[in-house]
There are 2 protein chains.
Amino acid sequence: MHTNLPTSFQTFLDASEILEPPSPPIIDQRRRFTSTPDIILQPNSVSSVQKILCFCHKNRITVTPQGGNTGLCGAAVARQGVLLSLSKLNKLREINLADNSMTIEAGMILQHAQQAAAQAGRLFPLSLASEGSCQIGGNIACNAGGLNVLRYGAMRDLVLGLEIVLPDGTLVSHLQPLHKNTTGYDLRHLFIGSEGTLGVITAATLKLSACPQTTATAWIGLPSIDGAVKLLTKIQSHFDERLCSFELISRFALDLSAKFSQLTKPADADWHILMALTDSVPDTDLAEQLAEYLYRQGYENSVLAQSEQERQELWALRENISASQRNLGTSIKHDIATPIARVADFVTECSAALKARFADIQIVCFGHLGDGSLHYNTFLPDIMGNEVYEYEDIINTIVYRHILKHCGTIAAEHGIGKIKNHWIPHVRTEAEIALMRAIKAQLDPHNIMNPGKLLP
Amino acid sequence: MHTNLPTSFQTFLDASEILEPPSPPIIDQRRRFTSTPDIILQPNSVSSVQKILCFCHKNRITVTPQGGNTGLCGAAVARQGVLLSLSKLNKLREINLADNSMTIEAGMILQHAQQAAAQAGRLFPLSLASEGSCQIGGNIACNAGGLNVLRYGAMRDLVLGLEIVLPDGTLVSHLQPLHKNTTGYDLRHLFIGSEGTLGVITAATLKLSACPQTTATAWIGLPSIDGAVKLLTKIQSHFDERLCSFELISRFALDLSAKFSQLTKPADADWHILMALTDSVPDTDLAEQLAEYLYRQGYENSVLAQSEQERQELWALRENISASQRNLGTSIKHDIATPIARVADFVTECSAALKARFADIQIVCFGHLGDGSLHYNTFLPDIMGNEVYEYEDIINTIVYRHILKHCGTIAAEHGIGKIKNHWIPHVRTEAEIALMRAIKAQLDPHNIMNPGKLLP
């Protein structure tokens, strides 16, 4: 299509900013989609991003922004045009201790952002499985969640300000760390979660917190999800924001992970909770308080981490679920949430419906019960590879029917991308979709930004 | 204009929903603007709101939503058409303890919302001066702030879901308490802070927290704002989210309030901090920890509340500033914020510039230093009444010039309304204003919703 693209970009970009599409081509995190862009651009500066978008806007060339390429819904897959890698825009611009804020560029890897905060004696709390390679811009574009949302909020809650290049190359910059600001419609939140369809996030000012000084980690075996929800309610009433993580793990998920990790299971039960409390005030007896509380409340099937090694082993059991389930083949994943009060009914009813349709289906169910958010991964034992996706629509239909019955969402923390956008009309009203289209048309009249993603 | 309005509305509303404009007419909180609507409607149900908007949309009749009429920027002042009072939509619909959420209607008074949460053993943390009469819908429409933002966030951060009637009468309802949900552009945040220009908020699902079990309250006299910012940074690093309020009060503001309140000043200093720490875990020695910390850090000019009465007296000194300053006449108020690190320079430079222009100007400066947010009220001693507004543009120009120099905002927590919308082009870019207009045009093509407010 655009065979003269390199020549065109050479007129205004540095040679180091223009890359040939690699061979073999870039595929996505789930090894499901292949990017086939005409060109890969890796701008060194925000002004290069502006020049690229201005040129693409004028010449109707599509642009797909890409961060760490760790997305699970195909939002960063480029079929044609420009694949815009933000990797070189990765600088720390400012840390402001009075405002507990940090301004960093979009291409900074999440782990580096965590480290930059730690070096300044602060915590940047977003934490998720791909933190070693995902980038802040992608985290914002997808409104990433993860392990610490209960205490610190999702990515949306951690953004104080954004710097954005609009599809026509215009720069909009609001990076000042303002903790209160209500001057007209809040456009920042439109860009958070917009998956690269409205412009390119080039930098962000993020909220920091005090570093935790104490951690208490407990594993509790329980007979039911309802029992786990009751425990959550009690712990939240008593420990409030000290509760940082409250993870649910099914017996099947734990069995897989324990075998893979070669670790002993901390408890024998149908359902398991791994919870972490943290406190930034030093010298508090948090572990003792938690132990006493669980004992008083009669939770006997529980283990408290007595050392850093024990804490790491408990977390390894949780974190290795994803890796361990690969032995079951390729899964159809669901990134869902319901009101916490309805998680138990959803799991019971949906699992029964799936088993009625596919007698031997295997369900790996785990996730962030403290947010009502589940990873609900389904495997068909006879199908190991990507052929399983032939059943995706049937399985999704069953799962999402139950999700909607229980007032839930089909996209909790992974976004919509290209695999779920045809579901948007089931979860948003016509008026809302019309408004989304009007916003998109105003900012991106030629539909160059990440076409085919997010919007139905 | 619309002399047949009562007859028209009688065809589809109950008689109790239609009110004559009262005599004397409704004036706003600051006694500055008079509402002169053709009719006042007070719907009993969400479906009545839908019918009203559908009718007004078809007949091009303007609609100004009004909650408790406590706004400070004139956003709820109706010049003509319908004044839509939400007061009768004031029910508690649901409290959900597992999700720590509460669904209430827009017309519920903030204090009643706090009480409903308390009765369920939870805290709804929004707290501000007009909480006895302001309504939740207005709080959301203006993104209200107040005293507990530091710990719990502003109204925006407390909204899990909204029910909205769009300008054409269409209902959009997302009241499920989902803690993670990213399905397309986030429209909820567009409506929060939109001041009734995009539709009518009829209900909301709000986040609740655990009730504080312990409070520690301290008053500290300091020689400078810079010193107060240093104290804030230390306290946040040590006590993190236990810090709930961190209020700044100038010597002049304290003198006024102490005289008015007939209370002794807790310290002699140019600047004062009133701070509150809270903890929801019972039996913690928070007051002792705070006293020890302040002593160790050398803050000798400080007082810790030793009883509930002492706590209330310290807060009375803070809360009576607004009432006490009325003796100075009518003020030109500023609801501003800067990055916390720049508050001191802003105050020094701006006060000098104002005094250079008006030698005898009096400045009552106080507010939420923990959020960088100030009430910066200016009085011209020779002018007691509303004639002072003749100087509003001159004074605003000086204040906002310094605010913008220090990367601040002209509207922290009171909104824009009709008194600041001509300033929007100074703080938002052309592209942003074009997008705001496109959003408005898509939802409200006949511009019936609260015209002349918020947008420039």
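The values are calculated or read from the model by the stated rules, or taken from the named source; none is laboratory data. Since this is a predicted model, take the numbers as computed values, not measurements. Every residue, glycine as well, gets a Cβ built from its backbone with ideal geometry; the counts of neighbours run over all protein chains shown.
Data for the structure
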| item | result |
| --- | --- |
| Residue list for region A:424-452, restricted to those being surrounded by fewer than 23 Cβ atoms within 10 Å (Cβ to Cβ) and within 19 Å of the chain's Cα centre (by Cα) | A:I424 |
| Filter result (surrounded by 14 or more Cβ atoms within 10 Å (Cβ to Cβ), at pLDDT 90 or above and outside any loop (DSSP other than H, G, I, E, B)) within region B:1-14 | B:S8, B:F9 |
| Pair list, Cβ under 7 Å, 6 or more apart: region A:437-454 residue within 13 Å of chain B (Cβ to nearest Cβ), other residue surrounded by fewer than 16 Cβ atoms within 10 Å (Cβ to Cβ) | A:Q442/B:A434 |
| Pairs, first of a type in the set (S, T, Y) in region B:68-86, second not in a strand (DSSP E or B), C-beta under 6 Å, six or more apart | B:T70/B:Q29; B:T70/B:S130; B:T70/B:S133; B:T70/B:C134; B:S85/B:Q42 |
| Restricting region A:343-357 to residues that are touching a residue at least 24 places away in the same chain (Cβ under 8 Å) and buried (at least 18 other Cβ atoms within 10 Å of the Cβ), the residue that is farthest from the other protein chains (Cβ to nearest Cβ) | A:L354 |
| Qualifying strands (runs of 3 or more DSSP E) (wholly inside region B:15-98; at least 1 residues being among the basic types (K, R) and at pLDDT 95 or above) | B:92-96 |
| Among the candidates A:I340, A:I273, A:I336, residue that is outside the structural domain of A:I395 (by the TED database), closer than 25 Å to B:S101 by Cβ and in contact with a helix residue (DSSP H, G or I) (Cβ under 9 Å, 6 or more places away or on another chain) | A:I273 |
| Residue match in region B:422-436 (condition: more than 7 Å from chain A (Cβ to nearest Cβ), charged (D, E, K, R) and in contact with a helix residue (DSSP H, G or I) (Cβ under 9 Å, 6 or more places away or on another chain)) | no |
| Enumeration of residues in region B:268-289 that are surrounded by 15 or more Cβ atoms within 10 Å (Cβ to Cβ) and more than 19 Å from B:Y152 (Cβ to Cβ) | B:A269, B:W271, B:H272, B:I273, B:A287, B:Q289 |
| Residue in region B:377-392 that is in a helix (DSSP H, G or I), crowded, with 18+ Cβ neighbours inside 10 Å, more than 8 Å from chain A (Cβ to nearest Cβ) and in contact (Cβ under 8 Å) with a residue 24 or more places away in the chain present | yes |
| Residues satisfying the stated conditions in region B:393-421, i.e. under 18 Å from the mean Cα position of the chain (by Cα) and more than 10 Å from chain A (Cβ to nearest Cβ) | B:G417, B:K418, B:I419 |
| First in region B:176-194 and under 16 Å from B:L435 (Cα atoms), second anywhere and surrounded by 24 or more Cβ atoms within 10 Å (Cβ to Cβ) and among the aromatic types (F, W, Y), Cβ under 8 Å, 6 or more apart | B:L190/A:Y185; B:G193/A:Y185; B:S194/A:Y185 |
| Residue within region A:262-278 that is farther than 30 Å from A:F379 by Cβ, in a strand (DSSP E or B) and at pLDDT 95 or above present | yes |
| Count of residues meeting criterion [exposed (fewer than 15 other Cβ atoms within 10 Å of the Cβ) and closer than 12 Å to A:S85 by Cα] in region A:22-44 | 1 |
| Unmet criterion (only one of (1) out of contact with any Lys or Arg (no Cβ under 9 Å at 6 or more places or on another chain); (2) touching a residue at least 12 places away in the same chain (Cβ under 8 Å); (3) more than 12 Å from B:V343 (Cα to Cα)) for B:H402 | (3) |
| Filter result (among the small types (G, A, S) and either at the interface with another protein chain (Cβ under 9 Å from one of its Cβ atoms) or in contact with a Cys (Cβ under 7 Å, 6 or more places away or on another chain) (or both)) within region A:156-180 | A:G169, A:S173 |
| Hits in region B:112-155 - residues which are outside any loop (DSSP other than H, G, I, E, B), within 22 Å of B:A412 (Cα to Cα), away from every other protein chain (no Cβ under 12 Å) and over 10 Å from the mean Cα position of the chain (by Cα) | B:Q135, B:I136, B:G137 |
| Test: residue in region A:306-319 that is in a loop (DSSP other than H, G, I, E, B) and either surrounded by 14 or more Cβ atoms within 10 Å (Cβ to Cβ) or in contact with an Asp or Glu (Cβ under 9 Å, 6 or more places away or on another chain) (or both) | no |
| Residues of region A:47-67 classified as crowded, with 24+ Cβ neighbours inside 10 Å and over 14 Å from A:L166 (Cβ atoms), total | 3 |
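Here is a yes/no grid of residues against (1) in contact with a Gly (Cβ under 9 Å, 6 or more places away or on another chain); (2) at pLDDT 95 or above; (3) not charged (D, E, K, R):
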position: B:I383; (1), (2), (3): yes, no, yes
position: B:N386; (1), (2), (3): no, no, yes
position: B:E392; (1), (2), (3): no, yes, no
position: B:I403; (1), (2), (3): no, yes, yes
position: B:E413; (1), (2), (3): yes, yes, no
position: B:N421; (1), (2), (3): yes, yes, yes
position: B:I424; (1), (2), (3): yes, yes, yes
